[in-house]
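Report on the structure given below.
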Amino acid sequence: MAQNQHSSGDVIADRRADYARMLAESGDHQAAAELIEQALELAPLWTAGWFRLGEYSEKAGQQDNAVKAYEKVAELDEEGIFAAPLKLAVLGAAETPEQPPSRYVEGLFDDYADRFETSLVKKLDYSVPEKLAALIETARPSGERFHCAVDIGCGTGLLGVEIRDWTERLEGFDISTNMLAKAEEKGIYHHLSQADLSLDEETSGLFADGLEKGRADLVAAADVMMYLGSLETVMPLVLALLERRGLFAFSVEDAGEEEGFVLQPSLRYAHSQTYVSNLLAAFGMEILQIQKTTIRKDAGKPLSGILFLAAKPA
């Protein structure tokens, strides 16, 4: 992957790209774009270089050039690591994808794993695990424990820490192996493995290794849906995991007055309360509680989210 990522494979092109990065860090994005263009003349198949050109051009206010660069990325990046379709959609040059490329999400969190908790909890006042756990507790009979809780998109295990004392068996699944390694260090999960929530039951990984359907009386997802877009694929997975009357607790970023789900400049998706409520109803889920709250800071400002607690019908 060296040609696609850190190095262009050409020493002179790499040197120009390094200078371009320094110019961008100093705020001169136009000069950075010009210099990375020179690098790309020497390494025209360097995907990461085209992506940098898109970013520098975008920040320099040269939207047409940014669009052309991201279109080149989309052409070269077959696996979707750089999520060019999302960038093009944000710039209004393409339709909003219903879901981001799985390889992009996987790579994003593999890179983020080592600094995830420090960045999210200490710097951004991330509060979803505690708030979602409190919501779950309102529906938990006093003194009783869940026999199996499944934490989908478990990340480093922040939600698992909050609910571990309430469950006899705690499972965690994530698309990122680096995140799973961090979760394993906490020693709170009985089972951890990789899963892709954009896939179907047979290929998602949630039912591999002999894991049965209908095994969970709680499925929880803290800040997962914003990396899925359309929730049409995840709902059948949740229903397959849950036993009758099992609980489903999850969070979304609040789309406010927008309808359905929307792609934001952050490349995360926000969902409207109406969209999620209608989808839950369409899949036969009973909504027990809806709670609007601040979930963390974003660019120094409070970020609004919605917590949902629903139950599979008896």
From phi via Karplus (6.51, -1.76, 1.60), per-residue ³J(HN,Hα) for the stretch 62-77 in Hz, x at Gly/Pro: 9, 5, 4, 5, 5, 4, 4, 5, 5, 5, 5, 4, 4, 5, 8, 9
Rounded to the nearest whole number, the Stokes-Einstein translational diffusion coefficient of the stretch 205-314 at 10 °C and 1.306 mPa s (Kirkwood radius, C-alpha pairs) in µm²/s is 110
Please list, in chain and number order, the residues 5+ apart from Thr167 or on another chain whose amide H is under 5 Å from its amide H, with Hs placed from the backbone. Phe146
Determine the share of the chain's accessible area contributed by carbon and sulfur atoms, expressed in whole percent, with a 1.4 angstrom probe. 46
At 1.4 Å probe radius, can you tell me the per residue accessible area of the chain in Å²? 47
FRET efficiency for Glu144 and Asp10, using Cβ-Cβ distance with R0 set to 51 Å, rounded to 0.05: 0.20
Rounding to the nearest 10 and keeping the result within 0 to 90°, find how far the Cα-based axis of helix 29-42 lies from the longest principal axis of the chain. 80
Could you run the Karplus curve 6.51 cos²θ - 1.76 cosθ + 1.60 with θ = phi - 60° over the stretch 303-314 and give me ³J(HN,Hα) per residue in whole Hz, x for Gly and Pro? 9, 7, x, 10, 9, 10, 10, 9, 9, 6, x, 6
For Lys186, list the lysines whose Cα falls under 29 Å from its own Cα; do not include residues on the same chain fewer than 8 positions away. Lys122, Lys123, Lys131, Lys213, Lys297
What accessible surface, in Å², does a 1.4 Å probe find on His147, ignoring ligands, DNA and RNA and rounding to the nearest 10? 70
Using only alpha carbons, build the gyration tensor for the stretch 65-126 and give me the equivalent ellipsoid semi-axes, biggest first, whole Å. 27, 13, 10
Using alpha carbons only, what's the Rg to Rh ratio of the stretch 13-100 with Rh from Kirkwood? 0.97
With angles folded into 0 to 90 degrees, how steeply does helix 128-137 sit against the dominant principal axis of the chain? Use alpha carbons for both and round to 10. 10
16 Å Cα-Cα reach of Lys87 towards lysines, excluding residues that sit fewer than 8 places from it in its own chain: Lys59, Lys68, Lys72
Taking only the Cα positions of the chain, the convex hull volume per residue in Å³ is 137
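The values are calculated or read from the model by the stated rules, or taken from the named source; none is laboratory data. Since we're looking at a predicted model, the values are computed, not measured. Every residue, glycine among them, receives a Cβ derived from its backbone with ideal geometry; neighbour counts consider all protein chains shown. Keep in mind that these areas ignore ligands, DNA and RNA; they rest on the heavy atoms of the full protein, side chains included. Shrake-Rupley method; radii C 1.70, N 1.55, O 1.52, S 1.80 Å.
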